[in-house]
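These notes are about the structure you will find just below.
The values are calculated or read from the model by the stated rules, or taken from the named source; none is laboratory data. As the structure is a prediction and not an experimental result, all values here were calculated from the model. In this analysis, Cβ positions are derived from the backbone assuming ideal geometry, glycine residues included, and neighbour counts consider all displayed protein chains. Each accessible area value is taken on the protein alone, full model and side chains, heavy atoms only, with ligands, DNA and RNA left out. Shrake-Rupley method; radii C 1.70, N 1.55, O 1.52, S 1.80 Å.
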Amino acid sequence: FEEVNFIPGELSMKKSRGTTTVQWLNRNFKEYHDDIAYLSTVSFVHPDKESDANFQHRPFNAPEHFSVVENISGEKGIEQGRHVDPEETVEKAREFAEKYPEKRKIVHFTPPHLPFLTSEHVEEHDYDTYEQYLREGYSWDDLRKEYRETLEYTLEHVEELVEELEGKTIVTGDHGEAHNEYFVKDHPHSIYIKPLVNVPWLEAEED
């Protein structure tokens, strides 16, 4: 993140309380937060359904924790292996900010989560696991490059939003990603290695 980031601000590292989105949600938002509005691109944060959480320690029912919850993933939710493009997320976030000016806001982008947006094959194949990429001949160096380029692409759109939002803005992640460090890939539940718990914390400069 430090190498590719171009958004002005003070960058430090924080330790995430989870290695998956649901674990991060459960450990950070235990109470009801009347002052938070959540714009989500992931199926785990939805106004009409509780996350199924699978093997993760317990599900998360977003309306029990946030005063406003909107989900824009539609049929492109993460369970289908698709993203809401960051450009679309920014457009929706602008509308969201206008609707709830008095609230603190969480805007949850999906990338750089798989599948990689910059991959030349991403429209042709549903590569939503590392195993699929590796079977198609990608090396771990290739995959780290794809991840980096997806992050760069996403930050271009995050920058637009940061410049437009009023007040203090933080750019961070709910968890990290492992690319074969300690023979771990992706972000397994409760595997507490540095690539999964060390996340960037960028306090963006205010105008």
Looking at LEU117, LEU134, LEU143, LEU161, which is the one that is of a type in the set (A, V, I, L, M) and touching a residue at least 40 places away in the same chain (Cβ under 8 Å)? LEU161
Scanning the stretch 8-18 residue by residue, those within 26 Å of GLU88 (Cα to Cα) and touching a Ser or Thr at 6+ places or on another chain (Cβ under 9 Å) turn out to be GLY9
Out of (1) at pLDDT below 95; (2) open to solvent by less than 30 Å² (accessible area, probe 1.4 Å); (3) among the aromatic types (Phe, Trp, Tyr), what's the single condition that is false for PHE96? (1)
I want to confirm something. Restricting to the stretch 57-67 and keeping residues that are more than 10 Å from ASN26 (Cβ to Cβ) and buried (at least 18 other Cβ atoms within 10 Å of the Cβ), which single residue is farthest from the chain's Cα centre (by Cα)? PHE66
Restricting the stretch 1-47 to residues that are over 17 Å from HIS108 (Cα atoms) and acidic (Asp, Glu), which is least open to solvent (accessible area, probe 1.4 Å)? ASP34
For the stretch 68-79, does any single residue satisfy the condition of being at pLDDT 95 or above, more than 25 Å from PHE116 (Cα to Cα) and either more than 13 Å from the chain's Cα centre (by Cα) or surrounded by 15 or more Cβ atoms within 10 Å (Cβ to Cβ) (or both)? yes
